[in-house]
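Computed from the coordinates by the stated procedures, all read-outs in this text should not be read as laboratory data. From a predicted model like this one, the values you see are computed outputs, not experimental measurements. No Cβ is skipped: glycine too gets one built from the backbone with ideal geometry, and neighbour counts run over all protein chains shown.
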Amino acid sequence: MKNPFKKNSNKDQDPAILVTSHFEEPDLLQVLVERLAEGHCEFGYDLKKVRPGWQAIETSSIEAFVSGNIIFSDENDLTSIPFVTCFLFGCTKTRRGKYDLTWSSSLS
């Protein structure tokens, strides 16, 4: 694996900083979001007839709080900052399928 800190060969430049984020219990969060989506009132849009080649889908979105850590690191230091923030999770369901988590967005 390449060392990301070797990118800056000029000493006048600022060193590279790596930013990483980790959700606490991501598997549990996905199960929670998909179960909440399945509890969504279905209107039957996924059963509608559509143009050939198209696919009808049912959508559901869920707002949930997420916690984790953001980690900043450079050649010399490592800093971890805990966070709790609200995310909007979007789920889709195809004909006779189950809801699948398809996207998420931070609301902060």
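Computed from phi, the 3J(HN,Hα) profile of the stretch 61-69 under the Karplus parametrisation 6.51, -1.76, 1.60 (θ = phi - 60°) reads 10, 10, 9, 8, 7, 10, 10, x, 9 Hz, with x in place of Gly and Pro. Just want the ordering: ARG51, ARG35, from fewest to most Cβ atoms lying within 10 Å of their own Cβ. Exposure proxy ranking, most exposed first: ARG51, ARG35. With neighbour counts taken as other beta-carbon atoms within 10 Å, the residues LEU78, LEU29 rank, fewest first, as LEU78, LEU29.
Label point of LEU18 set 7 angstrom out along Cα-Cβ; within the stretch 52-93, amide nitrogens under 14 Å from it belong to 71-80.
Going 7 Å from the Cα of ASP100 toward and past its Cβ, which residues in the stretch 49-82 have a backbone nitrogen under 19 Å from where you end up? Inside the label zone: 53-62. Charge tally around GLU25: other residues with Cβ under 15 Å, Lys/Arg +1 each, Asp/Glu -1 each, net -2.
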